[in-house]
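This report refers to the structure that appears directly beneath it.
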Amino acid sequence: MAFYISPNLQEIPLTFGHVIWVLRNSNYSTLNFKYEMRFWSLDIKCLIGLIENTDDRRDVLFPQILKEEAVTRLDELGKVSDANGYLQRTFMSPASVRAGNLIRQWMEDAGLRTWVDHLGNVHGRVEGLNASAQALLIGSHLDTVVDAGIFDGSLGIITAISALKVLKSTGKLGKLKRPVEGASCGALLIPGCRTLQVIAFSDEEGVRFQSTFLGSAALAGILPVSALRVSDKSGVTVLDALRENSIDIAEESLLQLKYDPASVWGYIEVHIEQGPVLEWVGFPLGVVQGIAGQTRLKVTVRGSQGHAGTVPMSMRQDPMTAAAELIVLLERLCKHPKDFLSYDGRSNCSTLESLSSSLVCTVGEISSWPSASNVTFTVDLRAIDDAGRETVLYELSNQLYQICEKRSVSCIVERKHDANAVMCDADLSSQLKSASYAALKRMTGATQHEIPVIMSGAGHDAMAMSHLTKVGMLFVRCRGGISHSPAEHVLDDDVWAAGLAVLAFLETHV
């Protein structure tokens, strides 16, 4: 079949393949075909325009930097490990140092001035227009859990660097209104400021020293000096680990790491969702409403080590069966809090509604040691409503002691950790939502539905940074909600979408 070009131009045969190429390589549906006696009429100007527009669309989407290079860098960073056969990078380990050096190279490639601070955080900074404007920080962490996936933490660092590299390539990097800083632990600074900085935080997971947010807590000014003396399983302290890597830190220099709150406008973090909600609703990006508060408990149940065959059932004091009943109680309470809590001085309608949608309770470990007369288990309880979380803990304790008394065993409940919920800033969240909307519209050419707003049940560096400034977070869809696992996966196009969203956010500050 032949296609002919008209009008007023010399007619040239146009193959079917040419038109198919145009259709497949543009998102435009405005091709004006006219069926005439087995032939289609196509204006050559329309064809040329479509081809040019297609090239323009690819240019503004920057796939080479925001998608192809970003994915390559995530893969490359995922190979930097202290273990053979799986990914593991802990605070100031050899692999962590190598990863930090690699991130510094990428920061410098994006036009940033780089350095490593006294707690191993990697910073990248570029000067902007306004020397006195407050800075916006964007970051995430470079450390991992044991047997980790390649996206947790790293995605937030790479998307920030990639977006800044695009600004460099378009000549806009030095035109930011406010400073941007990034760190690998990882952060970035923006609107109305003179500098732009990206930070990659050195430790968020807390694997080596069992103390989370070492990097971001230091910058937020909430890391106690005593943290330097905490030791790992080999007896190496945080201070020792830093000195082994030629970082000589004293108590005074730790305190000097804190940012002046008056110099910071806000903090942004891009992170994989680590949950299934975005995949379920079919969106690559979601704005975080807040980060759940958390309480960790250790429950000890003590009974009697009765002989398995000689103590009658009516006289047994088995702690294992008591512990089993307590765990099932925990599950029932957290699945159906309205069945246990009443509208009284300790809870109200809004609290119960919040708990019904955000409360999550799990048992992490259970052990029977040193004998069958002693059973311990750990409880992790999270909710976006701090008052509601306390109400659940109060009711849980009452129910636990009742069951233990009924079974003639003793119960000891110890609170091992508490962290209040963090609500993301409404203004930052609105800007991130608009940036996500713009990014997805750029990619698809279509009007987008409302960007999902979801809660984070996992802790993030934003929790520590909230003690310094207002925070906002953008979640990226991950397959099956799987995280902290080699099976952790983010689609290449979703990496691209995240980079475009960060770029769109930054462009509002140019």
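The values are calculated or read from the model by the stated rules, or taken from the named source; none is laboratory data. Here the structure is a predicted model, which means the values were calculated and not measured. Ideal geometry is used to build each Cβ from the backbone, glycine not excepted, and the neighbour counts take in all protein chains shown. Calculation scope for accessible area: heavy atoms of the full protein, side chains included, ligands and nucleic acids excluded. Shrake-Rupley method; radii C 1.70, N 1.55, O 1.52, S 1.80 Å.
Tell me, what is the 1.4 Å probe accessible area of V122, in Å² to the nearest 10?
Counting only protein heavy atoms, V122 exposes about 0 Å² to solvent.
Can you report the principal axis dimensions of region 69-149 using only the alpha carbons, biggest first, rounded to whole angstrom?
Taking the Cα atoms of region 69-149, the three principal extents are 48, 29, 17 Å.
Ranked by accessible surface with a 1.4 Å probe, highest first, in what order do T144, T444 come?
So the residues, ranked largest to smallest area, are T444, T144.
What Rg and what Dmax come out for region 224-300 when only alpha-carbon atoms are used, in angstroms?
According to the Cα coordinates of region 224-300, Rg and Dmax are 19.3, 49 Å.
Under 25 Å between alpha carbons, and skipping anything fewer than 8 positions from K172 in its own chain: which lysines qualify?
Excluding near neighbours in sequence, the set is K67, K433, K441.
Compute the FRET efficiency between K175 and K416 as 1/(1 + (r/R0)^6), taking r as their Cβ-Cβ distance and R0 = 51 Å, and round to the nearest 0.05.
Values: r = 49 Å, r/R0 = 0.96.
After rounding, the FRET efficiency stands at 0.55.
When averaged across all projection directions, what area in nm² does the alpha-carbon convex hull of region 418-461 cover? Please report the intermediate quantities before stating the final value.
Values: hull surface 16.1 nm².
Taking the Cα atoms of region 418-461, their convex hull projects to 4.0 nm² on average.
List the aspartates and glutamates whose alpha-carbon lies under 16 Å from that of K175, not counting same-chain residues fewer than 8 positions away?
Reachable aspartates and glutamates: E127, E507.
Roughly what % of Cα-Cα distances in region 356-510 sit above 24 Å, to the whole percent? Don't skip to the end; give the middle numbers.
Values: 6341 of 11935 pairs.
Tail of P(r) above 24 Å: 53 percent of Cα pairs.
Please report the equivalent ellipsoid semi-axes of region 437-510, computed as sqrt(5 x eigenvalue) of the Cα gyration tensor, largest first, in whole Å.
Details: eigenvalues 100, 79, 26 Å².
So the three semi-axes of region 437-510 are 22, 20, 11 Å.
Just how far, in whole angstrom, is region 396-458 from region 70-110 if you go by their alpha carbon centroids?
Each part reduced to its Cα centre gives a spacing of 29 Å.
Can you check what the net charge comes to around D248, using other residues whose Cβ is under 15 Å from the Cβ of D248 (Lys, Arg +1; Asp, Glu -1)? Kindly include the intermediate steps, with their values, before the conclusion.
Details: positive: R243; negative: D117, D240, E244, E251, E252.
Neighbour charge sum, excluding D248 itself: -4.
Provide the packing ranking of 67-79, 411-423, i.e. peptides ordered by the mean count of other C-beta atoms within 10 Å per residue, highest first.
67-79, 411-423
If you rank W280, W106 by how much accessible surface each has, with a 1.4 Å probe, what is the order from largest down?
Details: W280 215, W106 20 Å².
These residues rank, largest area first, as W280, W106.
Over region 265-328, what is the relative contact order in percent, taking alpha-carbon pairs closer than 8 angstrom and at least six residues apart? Could the numbers behind the result be given before it?
Working: 20 pairs, mean separation 13.8, N = 64.
This gives 21 percent for region 265-328.
With all protein chains present and a 1.4 Å probe, how do H484, H467, H489 order by accessible area, largest first?
Details: H484 85, H467 125, H489 55 Å².
If we order H484, H467, H489 from most to least accessible, we get H467, H484, H489.
Over the heavy atoms of R229, what accessible area does a 1.4 Å probe trace out, to the nearest 10 Å²?
Accessible area of R229: about 150 Å².
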